[in-house]
Amino acid sequence: QVQLVESGGGLVQPGGSLRLSCAASGSIFSANVMSWHRQSPGKERELVAAITSGGRTNYADSVKGRFTISRDNAKNTVYLQMNSLKPEDTAVYYCRLVAVNAYWGQGTQVTVSS
């Protein structure tokens, strides 16, 4: 079994920055994809960014140039650096790991408001 624990969410003003972390533990297959998704009220969960164990990345158009995903394979941890935050970035952010199976974290709230 795999557990994912997110941290780093909170309240930030427009234009500010936050860094999310997601630590994975358990039986983790070395070749995997870790990703961040978000869901705001009344909307479907959407992919924000993904990174393979080899470091290849993919971003949603809405966050390109503002968000950066990275990972530390030795720590089984993925990060999401979020800069120039906008009110529309407000959502619950979820970490996901896909290897043989798919696993989700519990989510962390990000609120962008003045």
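Skip the ligands, DNA and RNA, and give the accessible area per residue of the chain with a 1.4 Å probe, whole Å². Normalised by residue count, the accessible surface of the chain is 53 Å².
Rg(Cα) of the chain divided by 2.2 N^0.38 Å? Taking N as the residue count of the chain, the ratio is 1.01. Accessible area of the chain with a 1.4 Å probe: how many percent of it is carbon plus sulfur? Carbon-and-sulfur percentage of accessible area, whole number: 47. Note the full-extension length gain between residue 81 and residue 102 as 0.36 nm times their separation in residues minus their Cα-Cα distance, in nm to one decimal. Contour length minus the Cα-Cα distance gives 5.3 nm. Once Rh for the stretch 25-81 is found with the Kirkwood sum over Cα pairs, what is the Stokes-Einstein diffusion coefficient at 4 °C and 1.567 mPa s, in µm²/s? Calculated translational D: 106 µm²/s. Largest mean-square fluctuation among 102, 91, 23, in a Gaussian network model of the chain whose springs join Cα atoms under 10 Å apart, belongs to 102. Dipole of the chain (Lys/Arg Cβ +1, Asp/Glu Cβ -1, origin at the Cα centre): which of 53, 77, 103 lies farthest to the positive side? The one lying farthest along the dipole's positive direction is 53. A convex hull fitted around the alpha carbon atoms of the stretch 1-49 yields 119 Å³ per residue.
The relative contact order of the chain, computed from alpha carbon pairs under 8 Å that lie at least 6 residues apart in sequence, is 37 percent. Which parts of the stretch 78-113 would a label at residue 13 reach, counting a residue when its backbone N lies under 19 Å from a point 7 Å out along Cα-to-Cβ? Answer for the stretch 78-113: 82-90, 110-113.
Measuring r between the beta carbons of residue 66 and residue 31 and using R0 = 25 Å, the FRET efficiency lands at 0.30. Full extension of the chain between residue 40 and residue 56 yields a length gain of 3.1 nm, computed as 0.36 nm times the residue separation minus the alpha carbon distance.
In plain terms, the chain is cut at each of the trypsin sites (Lys or Arg not before Pro) found in a DSSP loop with at most 12 other Cβ atoms within 10 Å, and the longest leftover piece is 1-42. Of all aspartates and glutamates in the structure, those lying under 19 Å Cα to Cα from residue 64, and not within fewer than 8 positions of it along the same chain, are 46, 88, 89.
The values are calculated or read from the model by the stated rules, or taken from the named source; none is laboratory data. Remember, it's a predicted structure, so these values are computed and weren't measured experimentally. Positions of Cβ are generated from backbone atoms using ideal geometry, with glycine treated the same way; all protein chains shown enter the neighbour counts. These area figures cover heavy atoms from the full protein model, side chains too; ligands, DNA and RNA do not enter into them. Shrake-Rupley method; radii C 1.70, N 1.55, O 1.52, S 1.80 Å.
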